[in-house]
Structures are given as structure tokens and as C-alpha cells.
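Heads up: the structure comes next, in C-alpha cells.
The values are calculated or read from the model by the stated rules, or taken from the named source; none is laboratory data. What you see is a predicted model; the values in this text were computed from it and never measured. Glycine also receives a Cβ, built like all others from the backbone with ideal geometry; neighbour counts cover every protein chain displayed. Calculation scope for accessible area: heavy atoms of the full protein, side chains included, ligands and nucleic acids excluded. Shrake-Rupley method; radii C 1.70, N 1.55, O 1.52, S 1.80 Å.
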Amino acid sequence: MVADFWSLDDLHPEYEVSDWRGRPYFVDLVWKPGQVKFAIEIKGYGPHVQHTDRTRYRQELNRETYLQIAGYRVVSVPYDDLESAPELTVSLLKSLLIPCLLQHADDEKSQYTRMEREILRLAVRSNGYIRPIDLVNGLGVDLRTIRKYIASLCEKGKFKPVLAQGSSRICRYEYIHSLLDNELW
């Protein structure tokens, strides 16, 4: 069973990896839920840009390439954003990580149809909000069909309608994810 997305059980700080020469080095964070592997590097401007020379710069790029060869998806996170705009970093990481987990959902055990999973994927990639017209354009499906699937997802607790300001008209839907939600991953 794949671990809960929000669990930190699969997050490993200062994770040791051997390079192409067999020499060990450490990745800031590695997240390995199942078959997916992410190498997350926190990069400060000073040590990674300002105070580097051509050799260190080349070695850093080669290191990232080697991690990709080893099957890691490399994610560079600016230290300045962690300090000044952590919500941006969280939003970007969610947008990157959630779709990868959705595609590895077990289709046979899922309570969602293929179309419902596609709608959920698009909603996640849209920072959790989606308009029916976005789904019509993105999936090439009739508006009536989209409304049927969105109604089903609302009943299953995956979407909540959002009303237009000062109106009773629904303008978009918000994706709802509970912390204990294992059904998609």
C-alpha cells in the first residue's frame, strides 16, 4: 500500500547517494513514496551561485544529471523563497507532487471512474480550483457530461461549489482533500 500523501514517513533528510564514481554525497531531502523518487535540493544564492566557480558550477549540474539518471526527479527550491514566501514553495510542491501520485493510483480498487480521475488531476494542476468550461476545453467532453461527473464528485466529497460573488450562480469548484484521504494514492 502506498503511504498517505501527507505522511512524512517517506521523506528522508540528508539522504546519502553515491555518484557515478562511487563517492557518497548527500541530497537535502529525498521523498520516495513507492516507485516515485524526488530529490529536493534547497539552494541558497550565495553558495550555489554567487560564491561558485566554473568547476563547482559544472559539478553541480553533473550531480543533478546523475540524480536524474538514477531515477530521481530533481527539484531545486530557492532558500530565499522558503524564508520569504513559504506558501509559494508549498503550492509549487503540491502542484508537482500530487499529479505524480494520482497517476500511480490503483485503477482496479479506485472508486473513481477514469473521467473522474482526469477531472481530479486537472483540478489539482489548477491549484485546486476548476471551472466546468476548463474541463470541457481540457478534456474535449460535452458540458452536460462534465456537469454529471462534477455532481458525482461533489457527492463523493471531492469538490465543493464556489458561488460567484453576490450571486447564487456556481462559477467554479474547489477540490477538497482530507488529510486522511488514501483513496487516490
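For region 36-46, indicate whether the set of residues that are open to solvent by less than 30 Å² (accessible area, probe 1.4 Å), modelled with pLDDT under 80 and farther than 20 Å from GLY71 by Cα is non-empty.
Yes, there is a match, as at least one residue in region 36-46 is open to solvent by less than 30 Å² (accessible area, probe 1.4 Å), modelled with pLDDT under 80 and farther than 20 Å from GLY71 by Cα.
Identify, please: which residue in region 115-130 is within 11 Å of ILE98 (Cβ to Cβ) and assigned to a helix (DSSP H, G or I) and is, among those, most open to solvent (accessible area, probe 1.4 Å)?
Residue satisfying both the conditions and the ranking: ARG125.
Inspect region 95-102 for any residue being of a type in the set (A, V, I, L, M), at pLDDT 85 or above and surrounded by 14 or more Cβ atoms within 10 Å (Cβ to Cβ) and give the result as yes or no.
The answer is no, given that none of the residues of region 95-102 is of a type in the set (A, V, I, L, M), at pLDDT 85 or above and surrounded by 14 or more Cβ atoms within 10 Å (Cβ to Cβ).
Could you please find all residues in region 146-155 being open to solvent by 80 Å² or more (accessible area, probe 1.4 Å) and closer than 14 Å to ILE176 by Cβ?
If the condition is that a residue be open to solvent by 80 Å² or more (accessible area, probe 1.4 Å) and closer than 14 Å to ILE176 by Cβ, then GLU155 is the only one that fits.
In region 131-145, which residue that is under 25 Å from SER91 (Cβ atoms) and in contact with a helix residue (DSSP H, G or I) (Cβ under 8 Å, 6 or more places away or on another chain) is most open to solvent (accessible area, probe 1.4 Å)?
ILE133
So which of TYR57, TYR25 is among the aromatic types (Phe, Trp, Tyr) and assigned to a helix (DSSP H, G or I)?
So the residue among TYR57, TYR25 that is among the aromatic types (Phe, Trp, Tyr) and assigned to a helix (DSSP H, G or I) is TYR57.
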